[in-house]
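Enquirer: Quick one: the structure is below, and I'll ask about it shortly.
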Amino acid sequence: MARSGFEFDELKRWQKKIRRLDESDKDRLFRECANALAARLLSKVIPRTPVGQYPPSSGKVGGTLRRGWTGGKEVEDGDYNAIAMYAHSLNIEHKGKVYLIEIINPVYYASYVEYGHRQEPGRYVPAIGKRLKKRWVKGKHFLKISEREVLESAPAILSRRIETFFKEYFG
(Lines give C-alpha, C1' and ligand atoms only; values in the text may rest on other atoms or scores of the structure.)
Protein backbone atom coordinates (compact mmCIF):
# COMPACT_ATOMS: atom_id res chain seq x y z
CA MET A 1 0.00 0.00 0.00
CA ALA A 2 1.39 3.40 -0.96
CA ARG A 3 1.88 6.01 1.78
CA SER A 4 1.80 9.72 1.30
CA GLY A 5 4.24 12.08 2.99
CA PHE A 6 1.39 14.07 4.56
CA GLU A 7 1.33 14.33 8.35
CA PHE A 8 -2.07 14.54 9.95
CA ASP A 9 -0.70 15.64 13.34
CA GLU A 10 -0.42 19.28 12.21
CA LEU A 11 -3.94 19.18 10.81
CA LYS A 12 -5.26 17.76 14.10
CA ARG A 13 -3.48 20.52 16.08
CA TRP A 14 -5.04 23.13 13.77
CA GLN A 15 -8.47 21.56 14.27
CA LYS A 16 -8.08 21.74 18.09
CA LYS A 17 -7.11 25.43 17.86
CA ILE A 18 -10.16 26.21 15.77
CA ARG A 19 -12.43 24.41 18.23
CA ARG A 20 -10.99 26.63 21.00
CA LEU A 21 -12.38 29.72 19.32
CA ASP A 22 -15.13 30.94 21.58
CA GLU A 23 -18.32 32.65 20.46
CA SER A 24 -17.02 36.15 21.20
CA ASP A 25 -14.00 35.55 18.92
CA LYS A 26 -16.24 34.29 16.15
CA ASP A 27 -18.60 37.23 16.64
CA ARG A 28 -15.68 39.68 16.42
CA LEU A 29 -14.46 38.04 13.19
CA PHE A 30 -17.91 38.12 11.59
CA ARG A 31 -18.41 41.77 12.58
CA GLU A 32 -15.00 42.68 11.14
CA CYS A 33 -15.94 40.91 7.90
CA ALA A 34 -19.26 42.77 7.73
CA ASN A 35 -17.47 46.08 8.35
CA ALA A 36 -14.90 45.30 5.65
CA LEU A 37 -17.63 44.64 3.08
CA ALA A 38 -19.57 47.75 4.12
CA ALA A 39 -16.45 49.90 3.83
CA ARG A 40 -15.70 48.48 0.39
CA LEU A 41 -19.26 49.18 -0.78
CA LEU A 42 -19.12 52.76 0.50
CA SER A 43 -15.69 53.30 -1.07
CA LYS A 44 -17.16 52.32 -4.43
CA VAL A 45 -20.58 53.98 -4.26
CA ILE A 46 -19.51 57.38 -2.88
CA PRO A 47 -17.30 58.46 -5.80
CA ARG A 48 -19.76 56.93 -8.27
CA THR A 49 -22.72 58.93 -6.87
CA PRO A 50 -23.49 61.86 -9.18
CA VAL A 51 -23.13 65.44 -7.94
CA GLY A 52 -25.72 67.98 -9.01
CA GLN A 53 -24.55 70.82 -11.26
CA TYR A 54 -26.24 74.14 -10.53
CA PRO A 55 -25.77 77.54 -12.17
CA PRO A 56 -23.61 79.89 -10.06
CA SER A 57 -26.52 82.33 -9.77
CA SER A 58 -28.63 79.74 -7.88
CA GLY A 59 -26.34 79.78 -4.85
CA LYS A 60 -26.74 75.99 -4.56
CA VAL A 61 -23.85 73.62 -4.08
CA GLY A 62 -24.00 70.03 -5.36
CA GLY A 63 -23.02 66.92 -3.45
CA THR A 64 -25.98 66.43 -1.10
CA LEU A 65 -26.66 62.97 -2.52
CA ARG A 66 -23.00 61.96 -2.22
CA ARG A 67 -22.77 63.22 1.39
CA GLY A 68 -25.93 61.25 2.18
CA TRP A 69 -23.95 57.98 2.24
CA THR A 70 -21.93 59.10 5.25
CA GLY A 71 -24.62 60.81 7.28
CA GLY A 72 -23.62 64.23 5.96
CA LYS A 73 -19.96 63.87 6.91
CA GLU A 74 -17.49 65.12 4.31
CA VAL A 75 -15.29 62.35 2.95
CA GLU A 76 -12.66 62.97 0.31
CA ASP A 77 -12.82 60.73 -2.76
CA GLY A 78 -10.50 57.80 -2.20
CA ASP A 79 -10.11 58.39 1.57
CA TYR A 80 -10.63 54.74 2.43
CA ASN A 81 -9.61 55.23 6.09
CA ALA A 82 -12.37 57.79 6.70
CA ILE A 83 -14.86 55.56 4.92
CA ALA A 84 -13.75 52.50 6.93
CA MET A 85 -14.09 54.46 10.17
CA TYR A 86 -17.61 55.50 9.19
CA ALA A 87 -18.51 51.91 8.19
CA HIS A 88 -17.15 50.69 11.54
CA SER A 89 -19.54 53.08 13.32
CA LEU A 90 -22.62 51.59 11.61
CA ASN A 91 -24.91 49.34 13.59
CA ILE A 92 -24.55 45.61 12.89
CA GLU A 93 -27.64 43.50 13.44
CA HIS A 94 -27.02 39.85 14.31
CA LYS A 95 -29.95 37.53 13.59
CA GLY A 96 -29.17 33.83 13.73
CA LYS A 97 -26.39 33.20 11.23
CA VAL A 98 -26.78 36.59 9.54
CA TYR A 99 -24.80 39.78 10.25
CA LEU A 100 -26.55 42.72 8.65
CA ILE A 101 -25.36 46.28 8.13
CA GLU A 102 -27.94 48.54 6.56
CA ILE A 103 -26.33 51.10 4.28
CA ILE A 104 -28.84 53.70 3.21
CA ASN A 105 -28.82 57.09 1.59
CA PRO A 106 -31.55 59.11 3.33
CA VAL A 107 -31.65 61.85 0.68
CA TYR A 108 -35.25 61.76 -0.53
CA TYR A 109 -34.41 61.73 -4.25
CA ALA A 110 -31.71 59.03 -4.08
CA SER A 111 -33.98 56.33 -5.52
CA TYR A 112 -34.97 58.59 -8.44
CA VAL A 113 -31.34 59.12 -9.40
CA GLU A 114 -30.56 55.41 -8.91
CA TYR A 115 -33.52 53.93 -10.83
CA GLY A 116 -34.67 56.79 -13.06
CA HIS A 117 -37.84 58.89 -12.98
CA ARG A 118 -40.62 60.46 -15.00
CA GLN A 119 -40.86 64.19 -15.57
CA GLU A 120 -43.09 66.64 -17.39
CA PRO A 121 -41.51 67.93 -20.61
CA GLY A 122 -41.74 71.69 -20.99
CA ARG A 123 -41.94 72.41 -17.25
CA TYR A 124 -39.51 75.12 -16.13
CA VAL A 125 -37.29 74.21 -13.14
CA PRO A 126 -35.85 77.33 -11.51
CA ALA A 127 -33.19 75.36 -9.56
CA ILE A 128 -31.44 74.39 -12.80
CA GLY A 129 -32.67 77.33 -14.86
CA LYS A 130 -33.97 75.12 -17.69
CA ARG A 131 -37.09 73.56 -19.14
CA LEU A 132 -37.40 69.77 -18.99
CA LYS A 133 -37.08 67.98 -22.32
CA LYS A 134 -37.54 64.23 -21.75
CA ARG A 135 -40.41 62.24 -20.28
CA TRP A 136 -38.05 59.71 -18.70
CA VAL A 137 -34.64 60.26 -17.13
CA LYS A 138 -32.57 57.07 -17.01
CA GLY A 139 -31.21 55.91 -13.67
CA LYS A 140 -27.49 56.08 -12.93
CA HIS A 141 -27.43 52.71 -11.07
CA PHE A 142 -24.46 53.83 -8.95
CA LEU A 143 -25.48 51.56 -6.05
CA LYS A 144 -26.37 48.55 -8.21
CA ILE A 145 -23.01 48.69 -10.01
CA SER A 146 -21.11 49.10 -6.74
CA GLU A 147 -22.98 46.19 -5.11
CA ARG A 148 -22.13 43.94 -8.07
CA GLU A 149 -18.44 44.84 -7.84
CA VAL A 150 -18.36 44.16 -4.09
CA LEU A 151 -20.09 40.80 -4.55
CA GLU A 152 -17.46 39.81 -7.12
CA SER A 153 -14.57 40.80 -4.84
CA ALA A 154 -16.17 39.59 -1.56
CA PRO A 155 -14.46 36.16 -1.48
CA ALA A 156 -11.00 37.77 -1.74
CA ILE A 157 -11.86 40.47 0.81
CA LEU A 158 -13.17 37.89 3.28
CA SER A 159 -10.24 35.53 2.72
CA ARG A 160 -7.76 38.30 3.57
CA ARG A 161 -9.75 39.34 6.65
CA ILE A 162 -10.03 35.73 7.89
CA GLU A 163 -6.33 35.08 7.24
CA THR A 164 -5.38 38.20 9.21
CA PHE A 165 -7.67 37.14 12.05
CA PHE A 166 -6.12 33.67 12.28
CA LYS A 167 -2.59 35.09 12.21
CA GLU A 168 -3.49 37.40 15.10
CA TYR A 169 -5.39 34.68 16.99
CA PHE A 170 -2.94 31.82 16.61
CA GLY A 171 0.20 33.90 16.32
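The values are calculated or read from the model by the stated rules, or taken from the named source; none is laboratory data. As the structure is a prediction and not an experimental result, all values here were calculated from the model. Glycine gets a Cβ as well: all are built from the backbone with ideal geometry, and neighbour counts include every protein chain shown. Side chains included, ligands, DNA and RNA excluded: accessible areas come from the protein's heavy atoms. Shrake-Rupley method; radii C 1.70, N 1.55, O 1.52, S 1.80 Å.
Enquirer: Could you pull out the residue among 157, 162 that is open to solvent by less than 40 Å² (accessible area, probe 1.4 Å), in contact (Cβ under 8 Å) with a residue 40 or more places away in the chain, within 30 Å of residue 14 (Cβ to Cβ) and in a helix (DSSP H, G or I)? Write out each step before concluding.
Expert: Details: 162 fails: open to solvent by less than 40 Å² (accessible area, probe 1.4 Å).
Answer to the selection: 157.
Enquirer: Moving to a separate point now. Consider only pairs whose beta carbons are under 7 Å apart and that are at least six residues apart or on different chains; among these, list those whose first residue lies in segment 77-96 and is modelled with pLDDT of 90 or more and whose second residue is open to solvent by less than 80 Å² (accessible area, probe 1.4 Å) and of a type in the set (D, E, K, R).
Expert: Close Cβ pairs (under 7 Å, with a partner that is open to solvent by less than 80 Å² (accessible area, probe 1.4 Å) and of a type in the set (D, E, K, R)) amount to 92/31.
Enquirer: Take the residues in segment 97-108 that are closer than 14 Å to residue 33 by Cα and without any contact (Cβ under 8 Å) to a residue 12 or more places away in the chain, then tell me which one is farthest from the chain's Cα centre (by Cα).
Expert: 97
Enquirer: Just the residues that are in a helix (DSSP H, G or I), open to solvent by 30 Å² or more (accessible area, probe 1.4 Å) and closer than 24 Å to residue 101 by Cα, please, taken from segment 11-38.
Expert: Of the residues in segment 11-38, the ones in a helix (DSSP H, G or I) are 11-20, 23-38.
Those left that are additionally open to solvent by 30 Å² or more (accessible area, probe 1.4 Å): 11-20, 23-24, 26-28, 30-32, 37.
Selection gives 23, 24, 26, 27, 28, 30, 31, 32, 37.
Enquirer: Counting residues that are open to solvent by less than 100 Å² (accessible area, probe 1.4 Å), which strands (runs of 3 or more DSSP E) fully inside segment 39-154 reach at least 2?
Expert: Details: elements: 92-95, 98-101, 116-118, 136-138.
So the answer is 92-95, 98-101, 116-118.
Enquirer: Name the pairs: first residue in segment 109-123 and within 15 Å of residue 52 (Cα to Cα), second residue open to solvent by 50 Å² or more (accessible area, probe 1.4 Å) and assigned to a loop (DSSP other than H, G, I, E, B), Cβ to Cβ under 7 Å, at least 6 apart or on different chains?
Expert: Pairs that qualify, where the first residue is within 15 Å of residue 52 (Cα to Cα) and the partner is open to solvent by 50 Å² or more (accessible area, probe 1.4 Å) and assigned to a loop (DSSP other than H, G, I, E, B), are 113/140; 114/140; 114/141.
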